[in-house]
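Encoded as structure tokens, the structure appears first; notes follow it.
The values are calculated or read from the model by the stated rules, or taken from the named source; none is laboratory data. From a predicted model like this one, the values you see are computed outputs, not experimental measurements. Glycine also receives a Cβ, built like all others from the backbone with ideal geometry; neighbour counts cover every protein chain displayed.
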Amino acid sequence: MPYAIVVVPVAPLRATPAHRSEMISQLLWGEGVEIINTAPDGWVEVVNQYDGYSGWASLSHLEEVPEDVYHHPATHYFSDWINEVHVNGRPMMVPFGCLLKGYTNLTAKWGNVTVTLQEKPHILSPTGSPVDPKRLLADAMKFLNTAYLWGGRNVFGVDCSGFVQNVFKLSGVPLLRDASQQATQGTTVDFLQETRLGDLAFFDNPEGKITHVGLLLNDHEIMHASGKVRIDPIDNQGIINADTQIRTHQLRIIKRLF
């Protein structure tokens, strides 16, 4: 099947091949995808190279590339809220955390697309490298007050699992897409009092399904996307909204990824 790279700042990933369909996730500029199916009107079913998530995207948001370009590892990322690049000579603004593969000397070549950078991007931490908790926290703080968006994966709109996925991505810790999937990763921390910065707390609904995740800052504060990315108190029962003092989420499990 063909391979492609996302060449717009943010591309919606939809449940079915229609613009009115539910947005189940997003594809970010520079991410690789594998095209596994096609539909009329320029729709393609793709699998995101980074997290294996699948859905329907518009072919106009993608550039087909050779297999070797697709498999080239991402080596750099953009560290500002918005970052200017030039795509085939025209300016484009891409959001914080977008990855760059095939980069050399301020350029990258993706099929018929030439990317030119205005300045050197930051080096991406390789998967499995030691995690600096202070850097992870600094990346997380760039999302503070970002609006909650179902399926969102960027600093202009993000859901709970998209938030933690992108923060951990920059520190070389790959997470799956949904909270219920992420809860299968890492090792269990038995007690909230034993947690440390960077542990993930997961929360379930009345039916016992994990539906929410947040980043623990310590044993009594959590950063999570609920309405917006916010910092709230947490205790052994769950999250308490700092503004309303109402309990909003029931704690299920805590996991450590590094």
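Restricting to the stretch 170-190, give me the number of residues that are touching a Gly at 6+ places or on another chain (Cβ under 7 Å) and either closer than 16 Å to Trp81 by Cβ or outside any loop (DSSP other than H, G, I, E, B) (or both).
Here the count works out to 1.
Restricting to the stretch 108-130, and then to whatever is touching a Leu at 6+ places or on another chain (Cβ under 7 Å) and not in a loop (DSSP other than H, G, I, E, B), can you tell me which residue is surrounded by the most Cβ atoms within 10 Å (Cβ to Cβ)?
Ala108
Only one of (1) loosely packed, with under 15 Cβ neighbours inside 10 Å; (2) in contact with a Gly (Cβ under 9 Å, 6 or more places away or on another chain); (3) modelled with pLDDT under 95 fails for Pro133. Which number is that?
(3)
Identify all residues within the stretch 209-222 that are under 16 Å from Gln182 (Cα atoms) and in contact (Cβ under 8 Å) with a residue 40 or more places away in the chain; write none if there are none. Talk me through it step by step, then tell me what you get.
The initial filter retains those residues of the stretch 209-222 that are under 16 Å from Gln182 (Cα atoms), namely 209-216.
Ile210, His212, Val213, Gly214, Leu215 - these are the residues of the stretch 209-222 that are under 16 Å from Gln182 (Cα atoms) and in contact (Cβ under 8 Å) with a residue 40 or more places away in the chain.
Looking at the structure I just gave you, is Gly172 more than 28 Å from Gly102 (Cα to Cα), more than 12 Å from the chain's Cα centre (by Cα), touching a residue at least 40 places away in the same chain (Cβ under 8 Å) and surrounded by 15 or more Cβ atoms within 10 Å (Cβ to Cβ)?
no
Those residues that are small (Gly, Ala, Ser) and either buried (at least 16 other Cβ atoms within 10 Å of the Cβ) or at positive phi (or both), I need them from the stretch 214-258; list them, please. Quick ask: steps written out before the conclusion?
Here is the first cut: in the stretch 214-258, the residues small (Gly, Ala, Ser) are 214, 225-227, 238, 242.
Listed by number, the residues that qualify are Gly214, Ala225, Ser226, Gly227, Gly238.
How many of the residues in the stretch 65-92 are closer than 23 Å to Arg14 by Cβ and surrounded by fewer than 17 Cβ atoms within 10 Å (Cβ to Cβ)?
Residues that pass the stated criteria total 1.
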